[in-house]
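J.: Here it is, the structure in full.
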Amino acid sequence: MSGATGFVGRHLLQLFEEVAPELLIIKRQDSDISYLSSKFKNVQSVNFNECLTGECTQNFRDISIFIHLATCYGRDDETDEEVKKVNYDLGKSMLNFALESGTSIFFNIDTALPKHANRYAHYKNCFKNDSKTFVRNKRLNFVNLVLENVYGPGDASATLIPSVIAACNKFHPEMQLSQGTQKRDFLFIEDAAMAIYTVICSISFSAEENFREINVSSGNRVSIGEVVKLIKSLTQSKIKLKFDSVGHNRFDEDLSLGDPQFLRSLGWQPIVSLREGLLRTIAYEDELYVDD
């Protein structure tokens, strides 16, 4: 599993604690995974760079499930090559390991962002398309799980919801925003992790297919403006929201994953409402704000 220490990865691992006693983590050299030792009977790790060079092939023998969660958004001035290494090259290396190990299934966590949105979305799209060709007629099944806006406690501070909460908590006089009319599907982190877990535990393939794409969403679209206004109300902030005061992005169009029909057929339903999810996220961010 790559991306185990990330936002979605941490929550997904909590669900695997009872059913997956053995765990192999792909991580950066400086990532601390010691906390996983108390949750899993046998935790092993390989370094990110060793995977890219193919030096750790023997570590992947007898692996039954591969999960590629690692992402690099390019928010911290990473070079184009660094963004490509995480979002494309690492996934390709893992696919080769999966094929060599004889495993039957590979899960890729994808984004609903259009490929022109940014470098991250571009390389994720390239990986999905190339993987679809790669697995054709091979002994390997590929599941592409498409996420839109996953949010909740512990999300990166640069993302929309934490940044709006921070602006409200820190008594900023105003916040400049885009037009706010573009709609998104907001899914609480615990619901998103359970959706991924449900697919991993339940999916099957027919003899004629080896690539499946599954949308992970609540099925409810809400405008960004509505979410921002709700955060302002829940935090009782007096901040002035200045919509349409920043330039339009290349992906200001609506994003919609539609009705999560397949997930519902597996028995999954989102549990946490947008209001409850925001309240829980605000409470978490409030603790950080007090500690600061």
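J.: Give me the accessible area of Glu22, 1.4 Å probe, in Å² rounded to the nearest 10.
T.: The value for Glu22 is about 140 Å².
J.: Something else about it: For Phe243 and Glu276, calculate 0.36 nm times their separation in residues minus their Cα-Cα distance, and state this gained length in nm to one decimal.
T.: Contour length minus the Cα-Cα distance gives 9.4 nm.
J.: Normalised by the empirical 2.2 N^0.38 Å for globular proteins, what value does the Cα Rg of the stretch 202-246 take?
T.: After normalising by residue count via 2.2 N^0.38 Å, the value is 2.14.
J.: Relative to the compact globular guide of 2.2 N^0.38 Å, what is the alpha carbon radius of gyration of the chain, as a ratio?
T.: 1.03
J.: Could you tell me the center-to-center distance, by alpha carbons, between the stretch 214-234 and the stretch 112-138 in angstrom?
T.: Taking the Cα centre of the stretch 112-138 as reference, the centre of the stretch 214-234 is 26 Å away.
J.: Express in nm, to one decimal, how much length is gained between Val222 and Phe262 on full extension, taking 0.36 nm for each residue of separation and deducting their alpha carbon distance.
T.: This chain segment gains 12.3 nm when fully extended.
J.: Can you give the net charge of the other residues whose Cβ lies under 14 Å from the Cβ of Glu209, counting K and R as +1 and D and E as -1? Each step should come with its number before you reach the end.
T.: On the way: positive: Lys132, Arg136, Lys138, Arg139, Arg212; negative: Glu208, Glu213.
Neighbourhood net charge equals +3.
J.: Here is a further query. Which pairs in the list Lys85/Lys124; Lys132/Lys183; Lys92/Lys124 are over 21 Å apart, alpha-carbon to alpha-carbon?
T.: Result: Lys132/Lys183 exceed 21 Å.
J.: From the helices alone, meaning DSSP H stretches of at least four residues, give me the mean residue ellipticity at 222 nm for the chain, per-run term -39500 (n - 2.57), in deg cm²/dmol to the nearest 500.
T.: -11000 deg cm²/dmol
J.: Compute and list, largest first, the equivalent-ellipsoid semi-axes of the stretch 1-113 from the alpha carbon gyration tensor, each √(5λ) rounded to a whole angstrom.
T.: Numbers: eigenvalues 89, 59, 38 Å².
Working through the eigenvalues yields semi-axes of 21, 17, 14 Å.
J.: What FRET efficiency comes out for Arg136 versus Thr198 if R0 is 35 angstrom and r is the Cβ-Cβ distance? Round to the nearest 0.05.
T.: 0.85
J.: If contacts are Cα pairs under 8 angstrom and at least 6 residues apart, what is the relative contact order of the stretch 33-176 in percent?
T.: Numbers: 154 pairs, mean separation 29.9, N = 144.
With pairs under 8 Å counted, the relative contact order is 21 percent.
J.: Right, here's the next one. Using mean Cβ contacts within 10 Å as the protection proxy, how do 220-229, 119-128 order, highest first?
T.: Ranking the peptides 220-229, 119-128 by packing returns 119-128, 220-229.
J.: Oh, and also: Work out how much length Ser38 to Cys126 would gain on full extension: take 0.36 nm times their residue separation and subtract the Cα-Cα distance, in nm to one decimal.
T.: 28.0 nm
J.: Counting heavy atoms of the protein chains only and a 1.4 Å probe, report the per residue accessible area for the chain as a whole number of Å². Present the calculation step by step, with values, prior to reporting the outcome.
T.: Numbers: 14620 Å² over 292 residues.
Value for the chain: 50 Å² per residue.
J.: Taking amide H atoms as placed 1.01 Å from N in the peptide plane, list the residues 5 or more away in sequence, or in a different chain, whose amide H sits under 5 Å from that of Glu213.
T.: Amide H neighbours of Glu213, under 5 Å, 5+ apart: Asn144.
J.: Rank-order 98-111, 75-88 by packing density, defined as the average count of other C-beta atoms within 10 Å over each peptide's residues, highest first.
T.: Order by mean packing, descending: 98-111, 75-88.
The values are calculated or read from the model by the stated rules, or taken from the named source; none is laboratory data. Just so we're clear, the structure is a prediction, and the values are computed from it rather than from any experiment. Don't worry about glycine lacking a Cβ; one is built from the backbone with ideal geometry, like all the others, and counts go over all protein chains shown. Please note that ligands, DNA and RNA were not included when accessible areas were found on the heavy atoms of the full protein model with its side chains. Shrake-Rupley method; radii C 1.70, N 1.55, O 1.52, S 1.80 Å.
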